[in-house]
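A short worksheet on the structure shown next.
Any read-out appearing in this document is the output of simple, stated calculations on the displayed coordinates, not a laboratory observation. Treat the numbers as computed from the prediction; the structure is a model and nothing was measured. Heads up, the Cβs are rebuilt from the backbone with ideal geometry, glycines too, and the neighbour counts pull from every protein chain shown.
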Amino acid sequence: MGLEPPTLQVTTMKILVTGGLGFIGSNFCRTIITKHPNNEVINIDKIGVGANPANLQDLEKEDKYTFIKGDICNLQLINQTVKEVDAIVNIAAETHVDRSIADPNPFLQSNTIGTFTLLEAYRKHNDNAKFIQVSTDEVYGEITQGSFKEDDPPTPSNPYSASKAAADMFAIAYHKTYQLNITITRCTNNYGPYQMPEKFIPKTIIRALKNLSIPIYGTGENIRDWIYVEDHAEAINHVLTEGKPGEIYNVSAGNELNNVQVAKKILTLLNKPHNLIMFVEDRPGHDTRYSLDSTKITTELGWKPRFPFEEALKNTVSWYTNNEWWWTLLATEETLHPTPWKLRNAQ
Ligand SMILES: NC(=O)c1ccc[n+]([C@@H]2O[C@H](COP(=O)([O-])OP(=O)(O)OC[C@H]3O[C@@H](n4cnc5c(N)ncnc54)[C@H](O)[C@@H]3O)[C@@H](O)[C@H]2O)c1
């Protein structure tokens, strides 16, 4: 851990980051401000489901960091803000797949209409800027063998991934129609500090710390390819600095594991018995495996993951163990629920 970030062309940019109070957004803002301090960040976040202002309290006094509480669907606010920046990095989204099953509408609003609003403001008021759409491997849907490449078509399986795929389609169309400098990143599952207790890895750590059972959907054989959040943040920065207009870049670290394997590793790190694992009803539309081929970003842009899974998972488990203050109020019965997609009032 703690290797120096790779050398990139040094540029000075004022960057509008959306969703910067969430898990990936806050890690991205911190990476930009602390490791690439030639840049400035304006963070717009509505302080919605995945947000926690505590995530960036260490940056509050930084001159190069500004926070605006606002919704990316607010065209007036976005029109005004895009005029000031050199780049827009759209990270804001509703991201809890289980919630998208209980109530898809907020996903259409933030993920699709929100992206459309940003694209419109960008097209009309600052079409010299760069636009990075932070997307997900989930837009490709599941793959039983091999790995998706960037030119594979999206086949989303749930309302979350459908709303993200729709946003990607708008981004691609805006590049083609208006010749705008738009680039898309599609990353695999992230883990690391500041991730909401509702997501699989933090939920497993927190429930284990509380000696509660560890819920695993179905047979637990669903495979995800895990990447440490700082590696994702650096990949976005690479695309921002060196990415080519109109291109999609897959981002992955080659850590394919099924959910039972991940849960067992966490229990071992915490010295908890593996029999805490409890299989629960599978969620609808649950993709069996995600896998990306990220040769393009490594060969064309020189990015590569720096954090080995075992070491970064250990670091993540230690972070949650040592930062109970951060999660204690967030770890409610609802967020730690074994089958949140069944909760009627999940939103
Ligand atoms: N978490 C992952 O494993 C993963 C993997 C690949 C891609 N992604 C993508 O990365 C992005 C961030 O994911 P995350 O896990 O950090 O999510 P998160 O839920 O932790 O944070 C999302 C943030 O966006 C903000 N937000 C939502 N709607 C908004 C709106 N309309 N206006 C302003 N702010 C709004 C929320 O308040 C929150 O702070 C998403 O676009 C997601 O699709 C996530």
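What to note about this one:
- Degrees separating the helix 114-125 axis from the principal Cα axis of the chain, which is the longest one: 10
- Taking the longest Cα principal axis of the chain as reference, the axis of helix 309-322 is set at about 80 degrees.
- All alpha carbon pair distances within segment 49-90 were sorted into 10 Å bins beginning at 0; the resulting P(r) in whole percents reads 20, 49, 31.
- LYS124-LYS69 FRET efficiency (beta carbon distance; Förster radius 25 Å; 0.05 resolution): 0.60
- Set of lysines with alpha-carbon distance to LYS272 below 25 Å, sequence-local pairs under 8 removed: LYS199, LYS203, LYS210, LYS264, LYS314
- Between LYS83 and LYS304, residue separation times 0.36 nm minus the direct Cα-Cα distance comes to 76.3 nm.
- Segment 121-270: relative contact order in percent, alpha carbon pairs under 8 Å with at least 6 residues between: 28
- The chain: calculated mean residue ellipticity at 222 nm from DSSP helix runs of at least 4, using -39500 (n - 2.57): -10500 deg cm²/dmol
- Protection-proxy order for peptides 236-244, 264-272, each taking the mean of Cβ atoms within 10 Å per residue, highest first: 236-244, 264-272
- For the chain, the residue among ASN315, THR95, HIS274 whose Cα projects farthest onto the positive side of the dipole built from Cβ charges is HIS274.
- The alpha-carbon positions of segment 156-304 define a convex hull whose volume is 115 Å³ per residue.
- Cross-link reach list, aspartates and glutamates versus LYS61, counting only Cα pairs under 18 Å and skipping chain neighbours closer than eight places: GLU40, ASP45
- ³J(HN,Hα) computed for each position of segment 69-79 - Karplus, 6.51 cos²θ - 1.76 cosθ + 1.60, integer Hz, glycine/proline x: 7, x, 9, 5, 7, 7, 4, 4, 4, 5, 3
- Fraction of the pair-distance distribution of segment 299-347 above 13 Å, Cα-Cα pairs, percent: 72
- Amide H contacts for PHE67 (H built 1.01 Å from N in the peptide plane; partners 5 or more residues away or on another chain; cut-off under 5 Å): ASN43.
- Taking packing as the residue-averaged number of other Cβ atoms within 10 angstrom, the listed peptides 125-131, 50-56 run from highest to lowest as 50-56, 125-131.
- Eigenvalues of the alpha-carbon gyration tensor of segment 1-146, scaled by 5 and square-rooted, set the equivalent ellipsoid semi-axes at 24, 20, 16 angstrom, largest first.
- In this rough spin-label picture, where each label sits 7 Å from Cα along the Cβ direction, the PHE279-ASP293 distance is 3.4 nm.
- Dipole magnitude of segment 114-171 about its Cα centre (Cβ charges: Lys, Arg +1; Asp, Glu -1), debye to nearest 20: 300
- Under-5 Å amide H pairs with ILE214, H placed in peptide plane, nonlocal only: ILE277, MET278
- Test item: Cα-centred dipole of segment 137-209, Lys/Arg +1 and Asp/Glu -1 on Cβ, debye: 260
- Inter-label distance for ASN323 and ILE113, nm, one decimal - labels placed 7 Å from Cα along Cα-to-Cβ: 3.3
- Sequence-separation-based contact order of segment 219-327, relative, with Cα cut under 8 Å and 6+ spacing, percent: 41
- Computed packing ranks the peptides 217-226, 325-334 as 217-226, 325-334, most packed first, by mean other Cβ atoms within 10 Å.
- Here segment 110-153 is treated as a Stokes sphere of Kirkwood radius computed over C-alpha pairs; at 4 °C and 1.567 mPa s its diffusion coefficient rounds to 101 µm²/s.
- Rounded to 10°, Cα long-axis angle of helix 159-178 versus longest principal axis of the chain: 20
- Dipole size of the chain about its Cα centre, with +1 on Lys/Arg Cβ and -1 on Asp/Glu Cβ: approximately 360 debye, rounded to the nearest 20.
- Equivalent ellipsoid of segment 236-347: semi-axes from √(5λ) of the C-alpha gyration tensor, largest first, are 31, 20, 17 Å.
- In this calculation the C-beta distance from THR339 to THR177 is compared with R0 = 35 Å, giving a FRET efficiency of 0.25.
- Here r is the Cβ-Cβ distance between LYS149 and GLN76 and R0 is 41 Å; the resulting FRET efficiency, rounded to 0.05, is 0.55.
- The value obtained for the chain, namely the Cα convex hull volume divided by the number of residues, is 122 Å³ per residue.
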